[in-house]
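Inspection log for the structure reproduced underneath, given as structure tokens.
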Amino acid sequence: PEIVHSLKFQRERITYAHLPFQSKWLYVGTERGNVHVVNIESFVLSGYVINWNKAIELSRKTHPGPVVHLSDNPADPNKLLIGFEGGIIVMWDLKTKTAETRFNCTEQLRCVCWHHEGKQFMCSHSDGSLTTWNTKIAQKPQAIMMPHAKIGKDGRPETCKAITKVQWHCNKAGESYIIFSGGMPYDKSSRTPSLTVMHAKSTTVLEMEHNVVDFLTLN
């Protein structure tokens, strides 16, 4: 094994990278909220940069936070989904170099995953919630759920730990599988790190011996 190419970012710290399937362009998100594009054949930065202030609405003066997610729409590789830690998600049109749609989450963003048809995506948040969004409806999420939060006497869901990663898959019959790490309530049982699998009406919690830093679901 040998290092074929390397590229050092001098001014910005890298927080996320995404290489679409069979693409020669690597998308690199940074702590400053910018997205750079690297040609993986030559490992040279292309001149294409998505600046955070162009991605979010100009009316917003506050910084959206680091880039925590980048992915291309499964149905349209020309559309890049950019997620910022502060909760703003932007659907960026790579050809027209414009923000096509902007989605505003009320909670901090941890992870985003697509439904395979490319019409919906799911977000995981720092308060243990999952939100589902339709790409055509930016005003509000289609659904909000707190998978592990019990409703307290005051009618409010209890506080839960962050859901650090979520994946959304379907089997041949079209049934959804939602798999995520974290999201447990802040009580004594939550000391055990876990993965949760939700399928139909069943929820299975897989307890781990050590903290889960990442997982990958194979179809």
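The table for this structure:
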{"item": "Failed criterion for Trp25 (all others in (1) in contact with a helix residue (DSSP H, G or I) (Cβ under 7 Å, 6 or more places away or on another chain); (2) of a type in the set (Phe, Trp, Tyr); (3) open to solvent by 70 Å² or more (accessible area, probe 1.4 Å) hold)", "result": "(1)"}
{"item": "Hits in segment 150-169 - residues which are in a strand (DSSP E or B) and more than 18 Å from the chain's Cα centre (by Cα)", "result": "Ile151, Pro157, Cys160"}
{"item": "Thr98 being of a type in the set (Ser, Thr, Tyr) and open to solvent by less than 80 Å² (accessible area, probe 1.4 Å)", "result": "yes"}
{"item": "Segment 198-219 residues that are among the charged types (D, E, K, R), paired with ones that are open to solvent by less than 90 Å² (accessible area, probe 1.4 Å) (beta carbon under 8 Å, 6 or more apart)", "result": "Glu207/Thr192; Glu207/Pro193; Glu207/Ser194; Glu209/Pro193; Asp214/Lys165"}
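Yes or no, residue by residue, for (1) open to solvent by less than 30 Å² (accessible area, probe 1.4 Å); (2) not basic (Lys, Arg):
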residue: Cys111; (1), (2): yes, yes
residue: Gly128; (1), (2): yes, yes
residue: Asn134; (1), (2): no, yes
residue: Ala138; (1), (2): yes, yes
residue: Gln142; (1), (2): no, yes
residue: Lys165; (1), (2): no, no
residue: Gly182; (1), (2): yes, yes
residue: Tyr186; (1), (2): no, yes
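The values are calculated or read from the model by the stated rules, or taken from the named source; none is laboratory data. Just so it is clear, the structure is predicted and the values come from calculations on it, not from any experiment. Every residue, glycine among them, receives a Cβ derived from its backbone with ideal geometry; neighbour counts consider all protein chains shown. Protein only, heavy atoms only, side chains kept; ligands, DNA and RNA dropped before computing areas. Shrake-Rupley method; radii C 1.70, N 1.55, O 1.52, S 1.80 Å.
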